[in-house]
1. It is to be established whether one or more residues within region 35-47 are in contact with an Asp or Glu (Cβ under 7 Å, 6 or more places away or on another chain) and either among the aliphatic types (A, V, I, L, M) or assigned to a loop (DSSP other than H, G, I, E, B) (or both).
2. Among the residues of region 203-217, which ones are in contact with a helix residue (DSSP H, G or I) (Cβ under 8 Å, 6 or more places away or on another chain) and among the small types (Gly, Ala, Ser)?
3. Please go through region 155-210 and pick out each residue that is part of a loop (DSSP other than H, G, I, E, B) and of a type in the set (Gly, Ala, Ser).
4. Scanning for something more than 21 Å from THR54 (Cβ to Cβ), of a type in the set (S, T, N, Q) and assigned to a helix (DSSP H, G or I), does region 295-304 turn up at least one residue?
5. Take ALA10 and tell me if it is over 23 Å from GLY216 (Cα atoms) and at pLDDT 90 or above.
6. What tally of residues in region 89-119 results from selecting those that are in a loop (DSSP other than H, G, I, E, B) and surrounded by 22 or more Cβ atoms within 10 Å (Cβ to Cβ)?
7. Under the condition of being buried (at least 19 other Cβ atoms within 10 Å of the Cβ) and among the β-branched types (Val, Ile, Thr), which residue from region 192-239 is farthest from LEU49 (Cα to Cα)?
Amino acid sequence: MRSRSINRAAWLGGCVAVVASLLPRAVIGEAANSAQIIQAAPLSAWRSLAPENTLYMQLPAGRVIIELAPAFAPLHVANIRTLVREHYFDGLAVIRAQDNYVVQWGDPDDDNPKSLGSAKATLEPEFTVTETPEMRFTPLPDRDGYAPQSGFAAGLPAARNPAQHRAWLANCYATVGVGRDNDPQSGNGSSLYVVIGQAPRQLDRNITLVGRVWSGMELLSSLHRGSGPLGFYETAQERTGILSVRLASDVPEAERTPLQVMRTDSASFAQFVAARRNRREAWFKVPADFIDVCNVPIPTRAEPAPPASDQAR
């Protein structure tokens, strides 16, 4: 993105055991579908987005909500926070929409680029990171073609190499990454992209991934495709302007979007994955008995309002 030998049977058996161990015994084998699992998920199965890691990108058509992932890209997330707090993205634009690939935004003016302010112009690449227990990696039971193991970590689709203790985010639909040129240090967060097509997992470990869009994807994925090479827009009239980008922590609480995401280390999510892996709805006649990490749509919901007694305090 420019700124512009594993023993399979043993490994799969271990992954199935991990997922099954997260399921309450009473629900294993039940014919609950995805919607029922989401509806029945307890409060403990949900997490609210941390305001300091949440971006609100305001487009003419509405708000896009992006969660940053400092566990996977601390240097780039810090730089993006600086850019946002200094209003770098305000007045810039979506500069690229490539069909079945990505939408990218940043400064359209290569000849007279906007100042980065106090943000860093170059950063060390963060293509992978050392895996930590705090990431709470939850593996999927199926083999991944792009990594020794895939699953979810820090609440996001991820992959890892257990032998090397390295982990990385996966280029799934709605994943946000940092545009760069051929130089691995050329990405600084001033140009970002989001995946809008079939997951380009070949980009994994070749680009720094910094988060995920949780709301407003339709505002990006539906943009008209660019007429230039790689989907870049060739005229200003084609571009969609960015009104503003703000950290949720810098937005008054009353103006924030109360959004929750299902915890990927919860029993409810393990049950949800099992239901998606083998669809039990009447329409499905042949169970797949397989699922890819990018084919698990992590559930979101509006954050429930506090009890009336709490609101009155």
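The values are calculated or read from the model by the stated rules, or taken from the named source; none is laboratory data. Everything quoted here is computed from the prediction, not taken from an experiment. Cβ sites come from the backbone with ideal geometry, for glycine too, and all protein chains shown count toward neighbours.
1. Within region 35-47, none of the residues are in contact with an Asp or Glu (Cβ under 7 Å, 6 or more places away or on another chain) and either among the aliphatic types (A, V, I, L, M) or assigned to a loop (DSSP other than H, G, I, E, B) (or both).
2. If the condition is that a residue be in contact with a helix residue (DSSP H, G or I) (Cβ under 8 Å, 6 or more places away or on another chain) and among the small types (Gly, Ala, Ser), then GLY211 is the only one that fits.
3. GLY155, ALA163, ALA170, ALA174, GLY179, GLY187, GLY189, SER190, SER191, GLY197, ALA199
4. First, pick out the residues of region 295-304 that are more than 21 Å from THR54 (Cβ to Cβ): 295-296.
With the extra rule that they be of a type in the set (S, T, N, Q), the set shrinks to 295.
Going one step further and asking which of them are assigned to a helix (DSSP H, G or I), we end up with 295.
Yes.
5. On the way: over 23 Å from GLY216 (Cα atoms): yes; at pLDDT 90 or above: no.
Judged against the criteria, ALA10 is not a match.
6. Taking region 89-119 first, the residues in a loop (DSSP other than H, G, I, E, B) are 89-92, 98-101, 107-119.
Keeping just the survivors that are surrounded by 22 or more Cβ atoms within 10 Å (Cβ to Cβ) gives 89.
Residues that pass the stated criteria total 1.
7. If we take residues in region 192-239 being buried (at least 19 other Cβ atoms within 10 Å of the Cβ) and among the β-branched types (Val, Ile, Thr), then ILE207 is farthest from LEU49 (Cα to Cα).
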